[in-house]
Every structure is written in C-alpha cells, then in structure tokens.
Amino acid sequence: MEYNYNEIEKKWRFYWAENKTFKVEIDYNKPKFYVLDMFPYPSGAGLHVGHPLGYIASDIFSRYKRNKGFNVLHPMGYDAYGLPAEQYAIQTGTHPAITTEINIARYREQLDQIGFSFDWDREVRTSDPKYYKWTQWTFIQLFNSWFDIEIEKAASISELISYFEKSGNQNLKAANSYEKEFTAKEWNGFSRKDQQDVLMAYRLAYLADIDVNWCPALGTVLANDEIKDGLSERGGHPVEKRMMKQWSLRISAYAQRLLDGLNHLEWTDSIKEAQRNWIGRSEGASVNFKIKGHEEVLEVFTTRPDTLFGATFMVIAPEHEFMDKITTLEQKEEVEAYVTIAKNRSERERMTEVKNITGKFTGAYGINPLTGTEIPIWTADYVLSGYGTGAIMAVPGHDSRDFAFARHFNLPIIQVVAQVGEEIKPVEEWETSNDAKEGIMVNSDFLNGLDVKEAITTTIKRLEEIKIGYGTINYRLRDAIFSRQRYWGEPFPVYFKDGIAEVLDEKELPLTLPQVDKYLPTENGEPPLARAENWKTKDGYPLETSTMPGFAGSSAYYYRYMDPHNQDEYFSKESNAYWENVDLYMGGDEHATGHLMYARFWSMFLYDLGLTVKEEPFKKLINQGKIQGRSNFVYRVNHEKYAEYFVWEFIKKQGKEDEFEREYRDGHRKFDFYNKKENLIIEIKSQAKLEKLESYYIDYIKDTNKKLLLIPIVDILEFDESLAMEIEKALKDKNEGVVFFNREVRELKPLFVSKNIKDRELFSTPIHVDIDFVHNDILDIEAFKNWREEYADAEFILEEDKYVCSWEVEKMSKSKYNVQNPDALIEKYGADTFRLYEMFLGPIESHKPWDTNGIEGVFRFMKKFWKLYHPVDAFELSEDEPSKEEHKILHQTIKKVQDDIERFSFNTTVSQFMICTNQLTDLKCNKKAILEPLAILISSFAPHIAEELWEKMGHGESIIKTSFPVFMEDYIKENNFDYPVSFNGKMRFKIELPVTLDKAAVEVAVLASPDAQKWLQGNPPKKVIVVLNRIVNVVI
RNA sequence: GCCCGGAUGGUGGAAUUGGUAGACACGUUGGACUUAAAAUCCAAUGACCAUUGCGGUCGUGCGGGUUCAAGUCCCGCUCCGGGUACCA
C-alpha cells in the first residue's frame, strides 16, 4: 500500500476542522501551557518557506505538551494593519480592508495546508473593531494614568489632581516632562487649559512637540529607516526636521522595571543584551554649573563626577534652550550660523561625518563648582539635546570625544586619573585620552589618592552637601512616538475641545475607522482621516486625525487570545488567572528592541492596572533563525571576450604567444592582438561594429601600412579550419596596408558556459537563474530555454554533458529567483515531509540557507516509516512480544525525542526518527507494542501520517488526546559497555567489558588485552585514567 | 568604534556535563533489480600515505596555553553575519 500523503493529509485536515480537535478551554484539571507565535502581517506575497519555520517548531512543542498532559493554548491571528495595504490603496483605490481580507484568506489557506494545531476559534485581527476597541481602551487608560516613581507604578490621573490640589508638584516624584514647580495655591489658580497642559506632561499617553522627519511631498512623517541620504526611500523626496504635535507613550518611566525584569526571563542573552543597551542605564551625577554673568545655572549629567577637577570646558547642544541667552554679541553671528547648519544636518549626515569635529565658542563661561575656575562654554553637535540635559562638562583627559574636541580647538587638558604604576607623561604627549574607569585620582584636591569608584561617591556626597548636584541615573530609552499620519491604523479615541485633548467615553468605543475618498494626506498636509466626512464627536468636536502605529495592536494581543470574544472586558480575570502569560514565545530576533520592548511595557502597564497576574508577558523566548535563499547562477558568455580568449588560446597552441601582443595600444587606439614581426593587427568585434568602423580601419591602415585582420565574433565561435588558414595567410602576406575581411552575416546566439569550464571567469558573467530550473545544481536546459524568449535558442558549453550552476546564499527575494513557496513542496512531498524537512535543516535558532536538495531524503524516510506499518503492501501489525533489542530501540527513541524537544533541538529529533526507523526496518519489526508508541512520538512532527496510522490501529480519537509514551530506563540498560581505549588521548581500539566492573578491574582488563599489549610494547603505562562507562585513557 | 552571534567533510549539520570528531541526511562513486528508466536495495565516501592484508599520519578558521584528554575551557588574533551609533 502506497504512502498516499495527499489523501491522508486532506482527510485529517478535514477531520481536525470538523471536530475542532484543537479547541481549548480553561480546564482546572490540567496544567496550562501557552505557546505563541509572533502573529504575521499578511502580505500579498503569501508565505514563503521562511515563515513556517517558527510555526512548525511551536506547533511541535504544542502537540508534544498536549501529549504530556498539558492544556495548551496555541492561537494564531493577524497583525492586519500595515503600510503595504495602505500603499496599495493609494495606488489602486482598493480599500486596505479588502486587500487585507484577501491576503488573510491566502495565508489561512497556506497555514491550513501545513497542519497546524491552532485553535482558530480564538483568531484575532488587529484591524477588527471588536479587537481594536481594546487597543483604544488601553490608550484611554494610558491617557488617564501617570507614573509614580515612589512606588514605581502607574496610578490614576485623578489621584494626581487631588495631590496637586493639596500639595502642588514640588515634592512629587513622578515621571514627567514638566519643568516648572508650582504650589497647591498656584495650581488651584490655574485656568482649566493651563491645568490640562500641566497634566498632559504627566500622562503616560501624552501629546508633545516632537522633532520629526517630515516629508512635505508625501505629506507624512518618516521613520529613520525610511530615509536614505536625506531623501525619502520611496519617491526620493526631500525630508526636513519639523516640530509636530505627536502622541507619545511614556515608556521611559518604565526603564528601570524593563531593565530589572530581564533578569528573570528565559530569553537569549543577545536579546536581553540588546534590550539592556537600548534602555541604556547610566549611573552618574547631575551637577549645576553657574554661568558667569547670568542667573541661570547650567545643569549637566556626567557618569564621571570624579573627574570634575579635569573639566576644562563645557559643551551644550545646538538646540539647547540657553543657546540664545548665553551667546555673547561678538560670537552671535558665527554661533547662529553654526546652529542653523547643525540643526539641519540629517541623522545620516551626522553619522557619516562622525569624525568631522565641529563647534563654536558661545563667548560664555561656566564656573567649575569645585575649583571656581572659569571654563568656556562651547556648542557642538556631538552633544545631543535629547540625552541627559543636552549639556556636558568636558573632561578631555578622560573622554575620547572631549579629547578630540580639545585637541582640535586647542583647549586645555588636565589629567586627573592615573593608572597604578603609570609613568606620568605630560598631556601634550598623549595620543588618546584615558577613558578607563579605574585608577587613582591626581590633581583633584580632596579626591587625590582615592580610586575612581571611591572618588565618584565622595564627589557626589560633596555635591549634595553643598547643594550643587546629586547622584542620579539616566536612561537612553526614549518615549515612543505613537502617532502616524496614515489611514490604515487604529483611530485615536480622542477629540479636541477648545484646544484641549480629551478622550472619548469608554462607552463610545470602538471608534471605527471612517471611509475616505482617498488614502492620501489633504492638500494642506493633514492626515488622511481629515478627509472623512463628519470626523467629529456627536457634540461636534473634531476628532484626532492621526492613527496609531503598528505596535499598538501587537503589544497586548497575547492577552486577548485568552478571552478573544469578550465584549465587556479586554479579557476576563478568570481567563488571565488561568493562562497567566506566554510560556513559550516563538519569533524573529528582529523584534528585539521594537515589539518585545513595547509589549513588555504594555504588559507592565496592564499589570499596574490590576488586570493581569503577571508583569512580564513572555516567559521563554525562542528566536527562530531566518531562512535565507540559495540562489543559482548560470554564466553568460560575453561573446567578444570569449572570441578573443579563443584566438589567444589558438595562438598559444601554435606556440606563437611571444610574437603577439595582447591589448595592443597605438596612441589612443586599442586593438586585440598585434604581431610585430609581421606587422599584423587582429581585431575581433561584432559584425555590426566591424561594419560601422570599416572606413575608420581602412584609413588607419593606409596611414600606418600595417596589416589588419578583422574577424567577426561569429566566425570564431564557429571556429573551423578555414579560419585558422585565414590567420596563417594573413601572417604570411607580405603586402602592407591591407585589410582582410571575412564576411558572412550570421546572428549571435546567447551562450552559457558551465561552472567548471576552464577560464570561465575570463569571458563570462554570472546571472541569477530561477531555482526551479536547477536540480542539485544541474540546469534543466529545456526549462531554461522556455523561461524567456531571448533564451529560446541559447547555446551551452557543457561539462560531462551537464550544465553545472554555481550557487550562493542570499536574501530570499523575487528578484534573485530564489524564493521557495511552500505550496509546491507540499504538493510534491506532503505537509508532513515539509514539516520534518524544515526542522531537519538545522538548529531552530540559526540562520540557514534553504536548500531543497535534502528534502528527498526526508521523503524517503517517510515512505520507509510508512512501510514499517505496511510490511506486505497492507497495514499489518503483529501482536508478538517485542525482543529486548526492539524495546531498547523504542526507549532510546522515547528518551531522545523527549530530551530533544524539551531543549528545542528538533533537527536531532528528526535524525533519531530516521535512526529508529532504519533499525526497526533492519529487524523487520512490525510489532504493535513498538510501533504504536512510535506513532505518538512522531505525531507532533508529522501529525497527518500519525493520525492515519493511529486510526488504523483501531483508535477512535485523535492521537493528540493520547499520552506520551513513558520512558523506562530498564529497557536501555546494558550488561556490557564497549570501552573506547585511548593512548595519550588518541582512540586506538575498543573493548567490551561488563558495566559492573569497577575502575581497577577495568584497568586490569584493558591492560591485559592483546591490543593494549601491542601499544605498550612491554613498557608499563605511566598512568591509566578510567571514567566508568565512558572512556579509558592510557598514558605512555 | 562598541555589543552580540558564528566558523566542523563536496553540502546541511551531529557531538547535551572536557571523554570514541564527522551521528543523521544530501551529493558523488560502484553494484543489484530492470529490455530501459524511475523507484527500491546493497557497498564505499574527511584528507593524505600505505595497500597483499594489517595499518599509519594529519585533521573542527589561525597562533599559543591549561589538561591524562580540548570542536568544547583560557589568552591573543583572522574572517563572516547581525545589532547599535557622537548616550556624556
């Protein structure tokens, strides 16, 4: 009986859907397990083989966990908002919802084909009003919350208001962007507008002026990576910096919690490291510098307060608010010019010109608070307005950028830290600054002799005593801009009343996305939603016209899956108490600092609201590697080069390479070959070119009295005796000033040369060929000819009757003709083989090229596996008691499969299935006692075939409902162990000994063996190491 | 520059705690079956030397080290991939 995968797989797909086999509900009798995939954006291209990699892995784990007795939540949905659909809408007028719907249908079809165990009843889509109602709802909660630093938690705005009413903001510890202080009395005297403005600076979702990349031509704000060389990536329009009112989320308030939380997560170190760097915590001090002749003090942040005695100048960002105030009249013109330039420099320019040191002296002086010294204040764009206070104290002796700046502008440098045992050199001789955060303080008054660490704490203490500074912590993490000037996203539940932003009542949610006539900004640059008719509240107040960004919908979808149809709540308390959070999250590491950061923030906020039982959303994270493309290349011959090569080879063959000169130059003229002795030039060109240049050649020959042989390329490629004779004749001809022609008009056909043909690289260039025409790097010539009209009559230079292509690993992309989509493979081999093969490719985390060559082997295995159950062409299992050996094979496999799945080593699991199948085949084993548990083992990898066999074995329920076989140590216990015996660490022979022997007995037995005698040659060993049931090493 | 990851046969990869390097596959070669092909099965397959057999030497990017024993640990590099960017 044949392994008819198509029929089997169709049957079980239908069965699973029909019986809702994977539907899951809260079940207090079972432990829960939540397996989640990063949900996909449904693009128009559909899935390629890279997408399912993670899905297959998580599906295997889900199925395995179910067999292990867990109640597994394994949902899937769609990140359905996104730019491509909007872009398509702009071009075609098709509503993005329609495009998205079509794409989702295609995704679903493809996903279903692979046999995933998703509970589709829990599907969510971010663009579904029933879903984004809760995205909007969360926004309202963020808007109505502030962050209390005292308790490190979000709290309600109404509490904040009563606090202000009682105590003002002077002693309040809150994450905010409000700079002034006020008393309760002042607060109570503020107008409503003023009060709201203050509150806005405390909200977790707040409106603020943000410097953005505005592209006037596109009428939109662009992300940094949408800008290439100062122009928009799409369309190449100019981009300018512009202040715009944008919604932001105060994620920075959670910096410390986001940092601390990492310690308890089972994520890869690299992702955790990336998040730590992104958060960028630095400990240091805030120090106030008086400015000579001004009342204002300049606050700086430094991680090295210990080096205060080495601060010889200050630098403030060109955007700094004091800029205008402190710049002196004499410097004004120069400084203003500099600031204008600095502000307009794009990020990219700044990046490429890092080594370009620029800056201007403002004319003002700061006063070093410890020494009283006056130090100049400069402005330079290496100081960023967005980090710290936008101002620094420069310590050129111990900071490389300050050092470079000081050298460039000839500013003083003072050494204040010395390395232990270092010979003190005058700073003038230094080539670099000494940035090391260790050493002993020098030239630093009361700090002298302290080490750096002590000096830092001592300095901070002193600063705090004299009230000019304090120890503090700075984070690099910036608040997240939450507005997008786009159509296809969640509308903000916000309206404006008398210029004050207010949120809608929760009862009015969802605020659905309105229809618009075009998906473009309005003529005066407003976002597309401004085109909607009646985009107002029912009281007539205008609604916010921006929409939310992609991460809005994807930051808490994992909670919605717990209770996806709840109309009254985001998700019920009960469902969250049961499912808690995601136990295993599978997805790409490209989301390290985006999605994974926002989702954690969002999750922490919901936790603060008391909605969830866990602060962190994803306990364990596995990053599946990207599947890269494996491109194939054919070598297209450059006819002219090839012909020249050919002639040169001919000349060499005649032994005349000394007589000829290649690439002969006469003045500005260049010819292919020149024979000095015979005064003969040989020029090879296409027929057309030769004809065009004919008169030019004739004139040249007349002037120089040389002989010229013009050969069209075609003649050479169809090289025969006559051409050889022609060259001979030309060489012998004594007439000067002649031109030899050889004319017979024929057409050049495209010519391709196989990879290993000698000197191929001299006359051909590689071009991508569709991988569909290439099997094991051998080109299917007929298919290639049919690919394109221009190749229809192509010719090929073969090696051993084959055309061999070269290959390279590249990104999978249409333009490289290396895209593999799963449908064709599933059609050809079935979903089970496909699943197995994707896993067999290599470790789940590593990036690897897709190569279909190996899939045949997996397919062969599947057929072999099927044959175990169908030994004589029909399903037949024997009830006989298995042999000891058969038991051993089974239990070795149980152990290996279990261990490997637990450590996500799926490629080695597949190997074990192969080993097991090979061994059982060799034993001609078709015993039910072995093959029944084996079907369960493989069911998480190849569910269709497993279900089919399971049913044939007489089971009435899906194999997913059964239990994973129990591993029994006794079955794999051996009486003997085959000891590898090494001499000086090199394995020489093996000896089988009872496992019960102790070390001494093993040593005796080994040394007594004839093999050992041979190596010892009568000498006693220096030492013998015995590791029981592992290895013996003899040192001689 | 900094941070992270990686480098093992012709190819993908295995070796989980320092203990038999190359499991399992692909590919290749030879053979069986067949009128033939496909499919299937069997054998060989790291390199080099030896070959009548037994064997031997080298070998996990490079150079050192620790150890009875190193792909695995330590030190110093090279190359490749990814992230990040004047973060005070």
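The values are calculated or read from the model by the stated rules, or taken from the named source; none is laboratory data. The structure presented is a predicted model; accordingly, all values stated were derived computationally and were not measured. Neighbour counts run over all protein chains shown; Cβ positions are idealised from the backbone, glycine included. Note: accessible area is taken over every heavy atom of the protein model, side chains too, but ligands, DNA and RNA are not part of it. Shrake-Rupley method; radii C 1.70, N 1.55, O 1.52, S 1.80 Å.
Before moving on, here are some points about what is shown:
- Among the numbered conditions (1) more than 26 Å from A:PHE61 (Cβ to Cβ); (2) of a type in the set (D, E, K, R); (3) within 6 Å of RNA strand B (Cβ to nearest atom), the only one that A:LYS864 does not meet is (1).
- Residue check for A:GLY168: at positive phi and either hydroxyl-bearing (Ser, Thr, Tyr) or outside the structural domain of A:THR389 (by TED's automatic domain parsing) (or both): yes
- The sole residue among A:PHE164, A:PHE147 that is open to solvent by less than 50 Å² (accessible area, probe 1.4 Å) and either part of a helix (DSSP H, G or I) or among the small types (Gly, Ala, Ser) (or both) is A:PHE164.
- Residue in segment A:33-50 that is most open to solvent (accessible area, probe 1.4 Å), counting only those that are hydroxyl-bearing (Ser, Thr, Tyr) and assigned to a loop (DSSP other than H, G, I, E, B): A:TYR41
- Residue within segment A:4-18 that is closer than 13 Å to A:LEU584 by Cα, open to solvent by less than 10 Å² (accessible area, probe 1.4 Å) and over 23 Å from the mean Cα position of the chain (by Cα) present: no
- Checking each residue in segment A:886-903 for being within 28 Å of the chain's Cα centre (by Cα) and in a helix (DSSP H, G or I) picks out A:ASP900, A:ILE901, A:GLU902.
- The residue list A:GLU159, A:GLU109, A:GLU86 contains one member that is under 25 Å from the mean Cα position of the chain (by Cα) and part of a helix (DSSP H, G or I), which is A:GLU86.
- Residue under evaluation A:ILE140, criteria (1) modelled with pLDDT under 95; (2) among the β-branched types (Val, Ile, Thr); (3) in a helix (DSSP H, G or I), criterion not met: (1)
- In segment A:691-705, the residues that are assigned to a helix (DSSP H, G or I) and of a type outside the set (D, E, K, R): A:SER695, A:TYR696, A:TYR697, A:ILE698, A:TYR700, A:ILE701, A:THR704
- Tally, over segment A:990-1036, of residues that are away from RNA strand B (no atom under 14 Å from the Cβ) and loosely packed, with under 14 Cβ neighbours inside 10 Å: 10
- Screening the candidates A:PRO542, A:PRO514 for the property of being open to solvent by 30 Å² or more (accessible area, probe 1.4 Å) and at pLDDT 90 or above yields one hit, A:PRO542.
- In segment A:595-626, of all residues being free of Cβ contacts under 8 Å to residues at least 60 places away in the same chain and open to solvent by 20 Å² or more (accessible area, probe 1.4 Å), the one that is nearest to A:HIS51 (Cα to Cα) corresponds to A:LYS614.
- The residues in segment A:904-921 that are of a type outside the set (Phe, Trp, Tyr), more than 7 Å from RNA strand B (Cβ to nearest atom) and either open to solvent by 40 Å² or more (accessible area, probe 1.4 Å) or in a loop (DSSP other than H, G, I, E, B) (or both) can be counted, and the count is 2.
- The set of residues in segment A:281-337 being more than 11 Å from RNA strand B (Cβ to nearest atom) and either outside the structural domain of A:PHE446 (by TED's automatic domain parsing) or assigned to a loop (DSSP other than H, G, I, E, B) (or both) consists of A:LYS292, A:GLY293, A:HIS294, A:GLU295, A:GLU296, A:THR312, A:GLU321, A:PHE322, A:THR327, A:THR328.
- Which listed residue is out of contact with any helix residue (DSSP H, G or I) (no Cβ under 6 Å at 6 or more places or on another chain), assigned to a loop (DSSP other than H, G, I, E, B) and among the basic types (Lys, Arg), from A:LYS65, A:LYS30, A:LYS10: A:LYS30
- Screening A:GLU266 against (1) within 12 Å of RNA strand B (Cβ to nearest atom); (2) modelled with pLDDT under 90 leaves a single unmet condition, (1).
- Residue list for segment A:354-392, filter: near RNA strand B (Cβ under 7 Å from one of its atoms), in contact with a helix residue (DSSP H, G or I) (Cβ under 7 Å, 6 or more places away or on another chain) and under 19 Å from A:ARG304 (Cα atoms): A:TYR382
- Pair list, Cβ under 6 Å, 6 or more apart: segment A:1010-1036 residue under 15 Å from A:LYS986 (Cα atoms), other residue at pLDDT below 80 and more than 8 Å from RNA strand B (Cβ to nearest atom): A:PRO1021/A:ILE1036
- Filter result (β-branched (Val, Ile, Thr) and either in contact with an Asp or Glu (Cβ under 8 Å, 6 or more places away or on another chain) or at positive phi (or both)) within segment A:761-816: A:VAL774, A:VAL804
- None of A:PHE633, A:PHE601 is in contact with a Leu (Cβ under 9 Å, 6 or more places away or on another chain) and outside any loop (DSSP other than H, G, I, E, B) except A:PHE601.
- Of the criteria (1) open to solvent by less than 10 Å² (accessible area, probe 1.4 Å); (2) within 13 Å of RNA strand B (Cβ to nearest atom), which one A:SER940 fails: (2)
- No other residue among A:PHE840, A:PHE834 is aromatic (Phe, Trp, Tyr) and either open to solvent by less than 40 Å² (accessible area, probe 1.4 Å) or away from RNA strand B (no atom under 14 Å from the Cβ) (or both) apart from A:PHE834.
- Being surrounded by 18 or more Cβ atoms within 10 Å (Cβ to Cβ) and within 16 Å of RNA strand B (Cβ to nearest atom) is a property that A:ALA935 lacks.
- For segment A:133-186, a residue qualifies if it is in contact (Cβ under 8 Å) with a residue 60 or more places away in the chain and aromatic (Phe, Trp, Tyr), and the qualifying residues are A:TRP134, A:TRP137, A:PHE139, A:PHE143, A:PHE147.
- Any pair with Cβ under 6 angstrom, 6 or more apart, that starts in segment A:965-985 at a residue that is at pLDDT 90 or above and ends at one that is near RNA strand B (Cβ under 9 Å from one of its atoms): A:PHE967/A:LYS895
- Residue check for A:VAL442: in contact with a strand residue (DSSP E or B) (Cβ under 8 Å, 6 or more places away or on another chain), within 15 Å of RNA strand B (Cβ to nearest atom) and closer than 19 Å to A:PHE309 by Cα: no
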